[in-house]
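Derivation of every value follows stated rules applied to the coordinates shown; laboratory data play no part. Note that the coordinates shown come from a computational prediction; the quantities given were computed from them, not determined experimentally. Heads up, the Cβs are rebuilt from the backbone with ideal geometry, glycines too, and the neighbour counts pull from every protein chain shown.
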Amino acid sequence: MSRFIEVPARMLPADTLDALLETFVTRQGYDTTDTGAGMAGWIGELKQQLERGELLIAHDIELEMTEVMTLEQWRKFGRDIADDEEEGDI
C-alpha cells in the first residue's frame, strides 16, 4: 500500500480546503497584497490551479498530514522518499 494518496479538492469541506490553501500561501511566502484581494485572492487563484491540475493535495497516511503541493514539489518529494526507502531510512 502506498504511504501517500492524492485527495481531490472537491472531497474536502470548504473551510478545510481554504485552511490548507492559506497554509500553502504562507509557506510559499506569497505576498498577499499582490492580488488586491489579500489572502482571499490567493485562495481563489489556488483553487483555479487545483482545477487545472497545477497543484495537488497529498495526504501522508503514516504521519496523518495533508498538504498542498505544486506538481514539481510532488515529483521532487516522490524522488526523495524513494531515495530514503532505498537507503532504509523509511
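Placing a label point 7 Å from the Cα of A19 along the Cα-to-Cβ direction, the residues of region 53-72 whose backbone N falls under 16 Å of that point are 58-60, 64-68.
Cβ crowding within 10 Å ranks E6, E72 as E72, E6, fewest other Cβ atoms first. In plain terms, the residue of W74, W42 with the fewest other Cβ atoms within 10 Å comes first and the most crowded comes last, giving W74, W42.
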